[in-house]
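Quick notes on the structure that follows.
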Amino acid sequence: MTRTTQALVVGFLGAVLLRLSLGDGYLRYVTDWMKWPLVATGVVLLGLTVWMLLRPAPGDIEDHDGHDGHGHKVPAMTWLALLPGVIVFVASPPSLGAYLAERRAGDPVAAAPDAEILPLPASDGPVDVEVAEFMWRAGVEDGATIKDRDVRLTGFVSTDENGNWYVTRIAIACCAADASASRVRVEDYDDAPERDSWVAVTGRWVEGTAPGGKSETAIEASSVEPREAPANTYQ
Amino acid sequence: MSTKTPVRAAQKPGFRLGQTEVVAIVLLVILLSQRWLLPLLDHDLFNTWGTIFVAIVVQSAPFLLGGVLLSAVISTFLSEKALSKIVPKSPVLGVPVAGLAGIGLPGCECAAVPVTNSLIRRGVAPAVALTFLLAAPAVNPAVLVSTAVAFPGQPMMVLARFLASLITAVAVGWIMMARGKLLLERLTNLGRDVHAHERSFLGNVSHDFLHASGFLVLGAMLAAAVNTFVPRSVVNTVAGQAVLGIATLALFAFVVALCSESDAFVAASFTAFSDTAKLVFLVVGPAMDIKLASMEAGQFGIGFALRFVPLVIITAVASAVGIGWWLL
């Protein structure tokens, strides 16, 4: 790899990180607090590229062994450093969605938070509840905190082989590699919206359904409205 | 592949396409043809792999750069004299000190590999530097806090993880000193990069970054493939068996290569496994995984990695099982 190509590899990676972090693109892969570390990394890598291009050629440096200057040879593996950037631009991998959620559907979810479960706020209309929260509320005290309450769950649509559909969210702790899915089956609403589209489902908990129970957590829908996908699709 | 073209290109400027131009043109063509390439690659499985692969690289990049900057500071500015004042003379003592020093570097394992390399370059005993490599990603406060959050009401899990990881790092350091003389000598010679102290600070940054980034990407590719193609339910089928469960989670921690700051959340979701098996997952992962193995093979040589990787995994499993049996 020539010195100029080395600079190109570093610069390309820097440009990709900068482009992802200055828009919303990075939110498809990592959590939102990574924005500024990524901007800084991109800027430093681009600065490094400029320095690598401007530094004196190997011949100008005093050379001990007569061949190429030191710092010249890099392992062939370094070529792979171009791959993430190429994939970002060419395939632009989207946020994890229904495909992963359906594959991970059978996985056990982590235990509910240990803290005391607070009742839902009093409200005339439906109360917005996160999908994962709805699930652990269903599992605690036989769902006392959500029983007979109108709630609204927002998420994307995933399906299963039996023709059911689910309102679904994916949570990440660090990056998309540790994603876990939570989803609630939507009942009494036959026209399943398009897979991976975003919806707000208003309705009531189906009594007796809970994670790990006889029947997976379900909501009896009274209305389903389409929603724009949020910039950050993860929880 | 890397030496022929530049010489020729330099001889006849303007007549031959140099390597740089070829790479630049290929990249440009790919960028411009994005609109036509995109539909061809629109496949769920490929997309999922791509998302996880890019996610691991994006998540690791700032940590890798941070590690490279720190290692360049050590290589360029820290004299062997200054360093020998910080690190105890006797490696036997240096090993536990290095283990405890790991508490101070909150970063993921990708940062630790270049830092370790620069410590060896600066004359720190390899066993001491390797102990630091194993301890840094595992015992720092960020990791312990995330473990406490992922295991609410189980403070013993945090303590067990801290102790088991520290014991692993120190034990590997001592085992290397007692049994791995040849290996350590090779490492010392490999690590003695005669040019490191001649290069400028930025020269060291670019050198180290280029040397580590390719191997990091390779590790990320493999980890993303495991993450995408191996369903978690396969892992869960052996949850009931004690020994098989431990072996499976140790292997899974190695291949799935999660960041040490987030692996506790995944471990907590293995509800069917025993707490000891979960602890094994938490202790093996930060000490050794496919991404680290790839970076270590690149930095220290394949021969070294082939011996070091199993040693670390076996030590980590033994330490976690022991601590788990005692505390959990």
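Things worth noting here:
- Segment B:43-327 - Rg over Rh from alpha carbon coordinates, Kirkwood radius: 0.97
- Extending 7 Å from Cα along the Cβ direction at A:ASN162 and again at A:ALA231 yields two label points whose distance is 4.0 nm.
- DSSP bridge orientation in the protein assembly as shown - percent antiparallel, rounded to nearest 5: 80 percent
- For chain A, calculated [θ]222 nm from helices alone, where every DSSP H run of n ≥ 4 adds -39500 (n - 2.57): -8500 deg cm²/dmol
- Straight Cα distances below 27 angstrom link B:LYS181 to the lysines B:LYS81, B:LYS85, B:LYS89, B:LYS291, with same-chain residues fewer than 8 positions distant left out.
- Alpha-carbon radius of gyration plus Dmax, which is the widest Cα pair, for the protein assembly as shown in Å: 25.5, 83
- Average other protein chain Cβ within 10 Å of Cβ, residues A:4-13: 5
- Relative contact order (%) - criterion: Cα under 8 Å, at least six apart; region: segment A:98-227: 26 percent
- Residues B:LEU78 and A:ASP188, FRET efficiency given R0 of 60 Å [Cβ-Cβ distance, rounded to 0.05]: 0.30
- For residues of A:166-176, the mean tally of beta carbons on other chains within 10 Å: 5
- Near B:LEU306: Cβ cut-off under 15 Å, other residues only, Lys/Arg at +1 and Asp/Glu at -1. The net charge is +1.
- Using just its DSSP H runs of length 4 or more, each adding -39500 (n - 2.57), chain B gives a mean residue ellipticity at 222 nm of -25500 deg cm²/dmol after division by all residues.
- Counting, for every residue in A:93-101, the Cβ atoms of other protein chains within 10 Å of its Cβ and taking the mean gives 5.
- The modelled label-to-label distance between B:SER233 and A:LEU118, using points 7 Å beyond Cα along the C-beta direction, is 3.7 nm.
- Residue order for B:LEU134, B:LEU327, B:LEU31 - accessible surface, 1.4 angstrom probe, largest first: B:LEU31, B:LEU327, B:LEU134
The values are calculated or read from the model by the stated rules, or taken from the named source; none is laboratory data. Here the structure is a predicted model, which means the values were calculated and not measured. Note that we place each Cβ from the backbone using ideal geometry, even for glycine, and neighbour counts take in every protein chain shown. Keep in mind that these areas ignore ligands, DNA and RNA; they rest on the heavy atoms of the full protein, side chains included. Shrake-Rupley method; radii C 1.70, N 1.55, O 1.52, S 1.80 Å.
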